[in-house]
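**Student:** For reference, the structure I am asking about is given below.
The values are calculated or read from the model by the stated rules, or taken from the named source; none is laboratory data. Just so we're clear, the structure is a prediction, and the values are computed from it rather than from any experiment. Backbone-built Cβ (ideal geometry, glycine too); neighbour counts: all protein chains shown. For the accessible areas, the whole protein counts, side chains as well, though only heavy atoms, and no ligand, DNA or RNA atoms are used. Shrake-Rupley method; radii C 1.70, N 1.55, O 1.52, S 1.80 Å.
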Amino acid sequence: MSDLSLTILPETADDALAIERLHERTFGPGRYAKSAYRIREGASHRLDLSFTARIGTLLVGSVRLTPIRIGAAPALLLGPLTVEPPFRERGIGAALIARARADAKKRGHRLVMLVGDEPYYGKCGFRPVPKGQVTMPGPVDPARLLVCELAAGAFAEVTGPIRPEWDAA
Ligand SMILES: CC(C)(COP(=O)(O)OP(=O)(O)OC[C@H]1O[C@@H](n2cnc3c(N)ncnc32)[C@H](O)[C@@H]1OP(=O)(O)O)[C@@H](O)C(=O)NCCC(=O)NCCS
């Protein structure tokens, strides 16, 4: 895909409906049962750290980041990440993650967590959380709990339950 045709932009309030429809098509009603959803319903995602991918004016992908705490440490939860099926496998997912990571780092954030497939997110700088270091507010396959340090060593001393950052809700 040519860089000329793809744009990555911060999410705006006007994108809400298109993103909700994309999530519905991609994940269906089962999305509400996920442990990560328990966190996302406790705090809003940050529009300035969430991004849309567009081909022309068509929204073809979205990534959202939500403020959380791990124990006492501030962090961000990445997800959902979604790309419209006809536009997959062209680097759009990776471009959304790269932009979200870069902007989060610029703003001084140090850690990004997510629940997802290590074979995919491993290529984007995420690695599995050592078993027991953090806990989610619901069942999650420990192999799918991944972290990305935006500052070297930022995860070393971090431990505890993950919860929404209520102050940001
Ligand atoms: C996961 C998703 C966002 C990837 O978007 P994308 O734009 O196709 O991703 P990219 O183009 O950056 O990367 C594509 C590569 O990742 C691989 N890949 C995609 N999903 C993968 C997965 N779940 N596990 C391992 N590899 C995966 C593709 O095979 C491809 O590999 P290649 O580079 O060797 O050809 C997209 O497939 C999607 O929306 N899936 C449904 C929603 C979902 O599962 N979201 C993630 C959980 S929140």
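**Student:** Report the label-to-label distance for residue 151 and residue 120 in nanometres (one decimal), using points 7 Å from each Cα along the Cα→Cβ vector.
**Tutor:** In this crude spin-label approximation the distance works out to 3.0 nm.
**Student:** Now, a different point. Taking one equal scatterer on every alpha-carbon of region 1-160, how large is log10 of I(q)/I(0) by Debye at q = 0.14, 0.17 1/Å?
**Tutor:** The Debye formula, applied to the Cα set alone, gives -0.68, -1.02.
**Student:** Only four residue types carry charge here, +1 at the Cβ of Lys and Arg and -1 at the Cβ of Asp and Glu. Report the dipole size of region 69-138 about the Cα centre in Debye, rounded to the nearest 20.
**Tutor:** The calculation lands at about 360 debye.
**Student:** State, to one decimal in nm², a quarter of the convex hull surface area for the C-alpha atoms of region 91-169, i.e. the direction-averaged projected area.
**Tutor:** Result: 5.9 nm².
**Student:** Return, for the Cα atoms of region 110-149, the radius of gyration and Dmax in Å, separated by a comma.
**Tutor:** Final numbers for Rg and Dmax: 9.5, 26 Å.
**Student:** How many percent of DSSP beta bridges within region 11-169 run antiparallel, rounded to 5?
**Tutor:** 85 percent
**Student:** Taking the Cα centre of the chain as the origin and placing charges on Cβ (Lys, Arg +1; Asp, Glu -1), which of 37, 68, 125 is farthest toward the positive end of the dipole?
**Tutor:** Projecting each Cα onto the dipole axis, the largest value belongs to 125.
**Student:** Sticking with this one: Stokes-Einstein at 4 °C, 1.567 mPa s, Kirkwood radius from Cα pairs: D for region 1-69 in µm² s⁻¹?
**Tutor:** The diffusion coefficient I find is 99 µm²/s.
**Student:** Ok, one more. Could you give the accessible area per residue of region 1-99, probe 1.4 Å, as a whole number in Å²?
**Tutor:** Per-residue accessible area for region 1-99 comes out at 48 Å².
**Student:** Once you list every other residue whose beta carbon is under 10 Å from the beta carbon of residue 144, what net charge do they have if Lys and Arg are +1 and Asp and Glu are -1?
**Tutor:** For residues surrounding residue 144, the net value is -3.
**Student:** Suppose each label sits 7 Å from its Cα in the direction of the beta carbon; what would the residue 41-residue 131 distance come out to in nanometres?
**Tutor:** Each label point is offset 7 Å from its Cα along the Cβ direction, giving 3.0 nm.
**Student:** Further question: What angle, in degrees between 0 and 90 and rounded to the nearest 10, separates the Cα long axis of helix 16-27 from the longest principal axis of the Cα atoms of the chain?
**Tutor:** Approximately 70 degrees, to the nearest ten.
**Student:** Here is a further query. Just how many % of Cα pairs in region 65-118 lie over 14 Å apart, if you round to the nearest whole percent?
**Tutor:** It works out to 58 percent of all Cα pairs.
**Student:** Right, here's the next one. Enumerate by residue number the GluC sites (Glu not before Pro) in region 1-45 meeting two conditions: DSSP loop (anything except H, G, I, E, B), and at most 12 other Cβ atoms within 10 Å of the site's Cβ.
**Tutor:** Those that pass, being in a loop and sparsely packed, are 41.
**Student:** Return the loop-located trypsin sites (Lys or Arg not before Pro) in region 60-169 (DSSP other than H, G, I, E, B) with at most 14 other Cβ atoms within 10 Å of their own Cβ; answer none if there are none.
**Tutor:** 88, 107, 131
**Student:** So if each residue of separation counts as 0.36 nm, and I subtract the Cα-Cα distance between residue 48 and residue 105, what length gain in nm does that give?
**Tutor:** This chain segment gains 19.3 nm when fully extended.
**Student:** Using a 1.4 Å probe on the protein heavy atoms, what percent of the accessible area of the chain belongs to carbon and sulfur?
**Tutor:** 56 percent
**Student:** In sequence order, what are the phi-derived ³J(HN,Hα) couplings for region 89-105 according to the Karplus relation 6.51 cos²θ - 1.76 cosθ + 1.60 with θ = phi - 60°, rounded to whole Hz, with x for glycine and proline?
**Tutor:** 6, 10, x, 6, x, 5, 5, 5, 5, 4, 5, 5, 4, 5, 5, 4, 5
**Student:** In region 80-169, which GluC sites (Glu not before Pro) are in a loop and have at most 13 other Cβ atoms within 10 Å, using DSSP for the loop call?
**Tutor:** 89, 157
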